[in-house]
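No value in this document is a laboratory result; all are computed from the given coordinates. Keep in mind that what you see is a predicted model, and the values were worked out from it rather than measured. Every residue, glycine among them, receives a Cβ derived from its backbone with ideal geometry; neighbour counts consider all protein chains shown.
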C-alpha cells in the first residue's frame, strides 16, 4: 500500500475523460427537449447522481453486515467511504432536482416520492456521521455505524413506498403541471445514449472516489499505528 | 453468621427452562422499569408536561378546532407530532437510567439472552408511551371539541407506537453511549421512523374522517410490515449494540 | 478455576493487553495491583464477560469465554466501582430484581440472608438513592453474591470510601472470601489488600509482570516488591 497502484491512476484518467465526454454530450450532443427546454439537461446528471447515491447506500449497508460478521476494520472503512461519497452525490441529486423543478413546476421543491426518499437518505447519512463523531472507541464506532447503516437501508424503501402510496391516494397538483410527470418525457435515441453514458460516467466517478477514500482511510490507520508505537 | 450454599443444581440448563428464564428476565426488566417509574413518576410527568406544552404552542401557532378550519383536519398530524417528541424524551430517559450508574453492565452480567433485555426495555417503553398517549387523547378531545374515542384510532396508535418504540429503543441504546447523547437520538430516529409517522397520520385521519377501509388499509399494512421488520432486525442486532 | 492464556485486547489500533497469562486456583484471593492505564480494569471486564478478548483463551470454572458466556455468568459475581444499583428502587427491590434475573430460588429468604450479610437489614425498605457510598458498595457486594457464585471479581471496591466504611467493607470481603470462593480484586491500595489477599500479582504494560504468595513475603516489603515489578517491565 505504499505507492499508488497503476490501475488507480488509469482509473483517474479514464474518469476525467469520461466526465469531459459526458459533459459535452449533455450540452451539445443531446437535443433540446421540446417542452422543458434546456433546463431538462439537468436530468442526465440528476438521475446519475441519484443512482450513485443509492449504490452507496446499499454498499454501506452491505459493508455494515460484513463488518458485524467478520469484525475486520477494513469493512468499516468501506462503509464510511460509501456514506461520505453518497452524501456528495445525493446532495447533487437533491440540488439538481430542485433546479429542474423550479422552471417546470414553478416551485423549488416537490414532495415527489423519489426526491423525498433522496432527502431522507441524505438525512440518514448525516445522522450516520454524527453518530460516529460522538463515539470514542473505534471498535464501537464501527459497530454502531454498521448497525445504523443496516437500519437506515431497511427504512428507506419503506419511506419510498409510503411516499408512493401517499401519491396514488392523494395526487397533488402543484403549480402549472403535474409533478408526477417527472421524467415522463419521451427520450429520443440520442437522449437515451446520453443518459446511459452519464450513468456510466458517474459510476466510474463513484468507484474512483471510493477507491481513493478507502486508501485514505487505510493510510490514516497506518499513521495512527505508527503514532501509537512512538508513544510506547 | 452462617450462610447455606445454594443447591448445586443451577437453573436454566435445559431448553424449557431456557424459555422460562427468558420470560422471567424480560418480566423482571419490565417490572423494574414500571416500579421505579411508579415511585418517582419522573418519566411520565416529564412526557406529559411536555405533551401539554406542545399542545399549548400549537394552539397559538395553528387553529386546531376542526369546525373552524377551512382546510382538512390536522388533528392526526398534531397528535403524532406530540407523540413523537414526547416519545423521544421517554426513550432517552429510559436508557439513561441504565447508563448512568453502570446498570447496563449489571443487566449484561446476568446469564440471560441479550434479547430478553431488549424486549423488556421495549415493553417498558411501550407502556410509558401508551400511558402518555391515553392521557393526551381525552385532554385534546376536550380542548378542541374533537371526538377521539375511535377504536380505529386506538389501533393505529398501538401499531405506530410499537414500531416507534422498537426502533427507538435500539437507537437510544446507541445514542446513550455517545458523547452527544441528548440530541443524537432524534437525529438518528426521525429519518428512520418516517414511514411509521406517515402511515400513522394517514390511517388516523382516515379513521377520524370515517373514510372507507380500502383507503385506510394500505397504511395499516405498511405499519404492520414496518413493525414486524424492525422488531425482528432490532432484536437481531441489539447484541452488537451493547457488547464490547 | 480461572485460566487465562495469551490474552490480547485491542481497542481499535491500540493494544492494551499483550499476551497476558494468569491462573487462579479455587479458593485463592488474588490482589491485582498496577498503575492506572496498565490494563487492570480492561482485564477484569474481560474476566467478567463484559468485554470480548481480541485473541487468546479465557476459561472460568471450566467454561470458555466468550462462547460459553452464559454458563460463566451464572458462576460469577462482579463488584465494580460503580454500584450497578437502581436509585429509585429500595435495597430489597434491587436484590429481588437481580435475583429474578439470575433465577435464584427461594428468593425472599436469600434476599434476607444477603441483607444480613452486608449489614443492611434495617435499611432494606429505603431507596438506594438515599444510601451513602459505603452502603451502596455493601449492597453491591450483596447483589454480587446473591446467586452464590464460585468466583467474585472486585474492581477497586474501596474507591471513595472513608475509613469506617472501608473497614466495614473489609469485614464483608472477608466473609465473602471465607466460603471457599475464588476472588480476584484489583486495587491500588496496598495497605488494604495486604490483609485480605493470599496472593499478589502485578500487572504492568499489558501483562502480569510479577506474582508472589502472601506467605512468601513480609507485608512491609510489599511496596518495594510492587515498585520493583513496575521497574522491571
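Below is a table of values for the structure above.
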quantity: Pair residue A:28, residue A:219: separation of 7 Å Cα→Cβ label points (nm); calculated: 3.5 nm
quantity: Contact order normalised by residue count of chain B, Cα under 8 Å, 6+ apart, percent; calculated: 23 percent
quantity: Over chain A, relative contact order from alpha-carbon pairs under 8 Å, at least 6 apart, %; calculated: 30 percent
quantity: Listed residues C:132, C:166, C:187, most fluctuating in chain C (Gaussian network, C-alpha, under 10 Å); calculated: C:132
quantity: Added length on full extension, which subtracts the Cα-Cα distance from 0.36 nm per residue, residue C:125 to residue C:211; calculated: 26.6 nm
quantity: Crossing angle, helix A:138-169 versus chain A [Cα axis fit, 0-90 degrees, rounded to tens]; calculated: 10 degrees
quantity: Gaussian network model of chain B, springs between alpha carbon atoms under 10 Å - residue of B:199, B:173, B:19 with greatest fluctuation; calculated: B:19
quantity: Along principal axes, Cα extents of segment C:84-147, largest first, whole Å; calculated: 29, 20, 17
quantity: Taking A:135, B:135 and counting other C-beta atoms within 10 Å, the order from fewest to most; calculated: B:135, A:135
quantity: Degrees between helix A:189-230 axis and first principal axis of chain A (Cα, 0 to 90, nearest 10); calculated: 20 degrees
quantity: In degrees, nearest ten, helix B:42-61 long axis to first principal axis of chain B (Cα); calculated: 20 degrees
quantity: Relative exposure of A:111, A:211, A:105, judged by other C-beta atoms within 10 Å (fewest first); calculated: A:111, A:211, A:105
quantity: Mean-position separation - Cα centroids, segment C:34-80 and segment B:155-183, in angstrom; calculated: 30 Å
quantity: Label-reachable residues, segment A:104-146, where backbone N falls under 18 Å from a point 7 Å from residue B:183's Cα toward its Cβ; calculated: A:123-136
quantity: Within a Gaussian network of chain C (alpha carbon springs, distance under 10 Å), most fluctuating of C:208, C:217, C:46; calculated: C:217
quantity: Taking C:164, A:76 and counting other C-beta atoms within 10 Å, the order from fewest to most; calculated: C:164, A:76
quantity: Relative contact order (percent, whole number), segment C:1-130, Cα cutoff 8 Å, 6+ residue spacing; calculated: 21 percent
quantity: Efficiency of FRET between residue C:25 and residue A:192 - r from beta-carbon atoms, R0 60 angstrom, step 0.05; calculated: 0.15
